[in-house]
Amino acid sequence: MKITIVAIGKLKEKFLVEGVEEYLKRLRLFSKIEIREIPECRTIDEEGKKILAQIPKDSFVFVLDVAGNPITSENFAKKISDLNLRGISNLTFVIGGAFGLSEEVKKISDFRMSLSEMTFTHQMARLILLEQIYRAFKINRGEPYHKI
């Protein structure tokens, strides 16, 4: 499985950089994973065009959206497993910037998901997303990480 994360902005906080690096290291045991960072732009439409250019053509696209579908860790793991069983091996996750995502990006998504009813910074969302992807792999393998 290949996972691409397209994210607006660079991580600035040391604790976020370290957390992201830790989960990337863990995830590389299960998958090829890549983060494509896009500089913040003046408008979400400009960011949207840059996001669209970074999404692999044969990828199932998840967008993180505050108005997206809430999903439990178990159901997220099942979604990833079901996609894999259907032969879909490229997943792309899109994290917008401080002002969200353009309608153009939302329209091309295959699944709009919400990490929580709470609001997180887009930088914090990157760390939370990586942890949830890692958790999904552990759940799907029947490993104990999820139960600690």
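The values are calculated or read from the model by the stated rules, or taken from the named source; none is laboratory data. A quick note: this is a predicted structure, and the numbers were derived from the prediction, not measured. So basically every Cβ, Gly included, is an ideal-geometry build from the backbone, and we count neighbours across all protein chains shown. SASA here: full protein model, heavy atoms, side chains in, ligands and nucleic acids out. Shrake-Rupley method; radii C 1.70, N 1.55, O 1.52, S 1.80 Å.
Each residue of the range 118-132 is assigned a 3J(HN,Hα), and the resulting list reads 6, 9, 10, 5, 5, 6, 5, 4, 4, 5, 4, 4, 4, 5, 5 Hz, derived from the Karplus form 6.51 cos²θ - 1.76 cosθ + 1.60 (θ = phi - 60°), x at Gly and Pro.
Calculate, for the chain, the solvent-accessible area per residue in square angstrom, rolling a 1.4 angstrom probe over the heavy atoms of the protein chains.
On the way: 8330 Å² over 148 residues.
Result: 56 Å² per residue.
As a calculated quantity, the FRET efficiency between E104 and R141 at R0 = 41 Å, using C-beta atoms, amounts to about 0.70. Taking label points 7 Å from Cα along the Cα-to-Cβ direction, I88 and K10 give a separation of 3.4 nm.
For E46 and E22, compute 0.36 nm times the residue count separating them, minus their Cα-Cα distance, and round to one decimal in nm. Mind showing how you got there, number by number?
Values: separation 24, 0.36 × 24 = 8.64 nm, distance 3.10 nm.
Result for the pair: 5.5 nm of gain on full extension.
Considering the range 64-148, its Cα convex hull presents a mean projected area of 5.9 nm². Relative to the dominant Cα principal axis of the chain, helix 73-85 is inclined by about 90°.
Could you work out the equivalent-ellipsoid semi-axes for the chain, taking the square root of 5 times each eigenvalue of the Cα gyration tensor, largest first, in whole Å? Mind dumping the intermediate values first?
Numbers: eigenvalues 107, 61, 42 Å².
Square roots of five times the eigenvalues give 23, 17, 14 Å.
Note on M1 and Q54: with the Förster distance fixed at 25 Å, the Cβ-Cβ geometry gives a FRET efficiency of about 0.85.
Taking Cα atoms only, the orientation of helix 44-54 departs from the longest principal axis of the chain by about 50 degrees. Charge tally around R42: other residues with Cβ under 13 Å, Lys/Arg +1 each, Asp/Glu -1 each, net -2.
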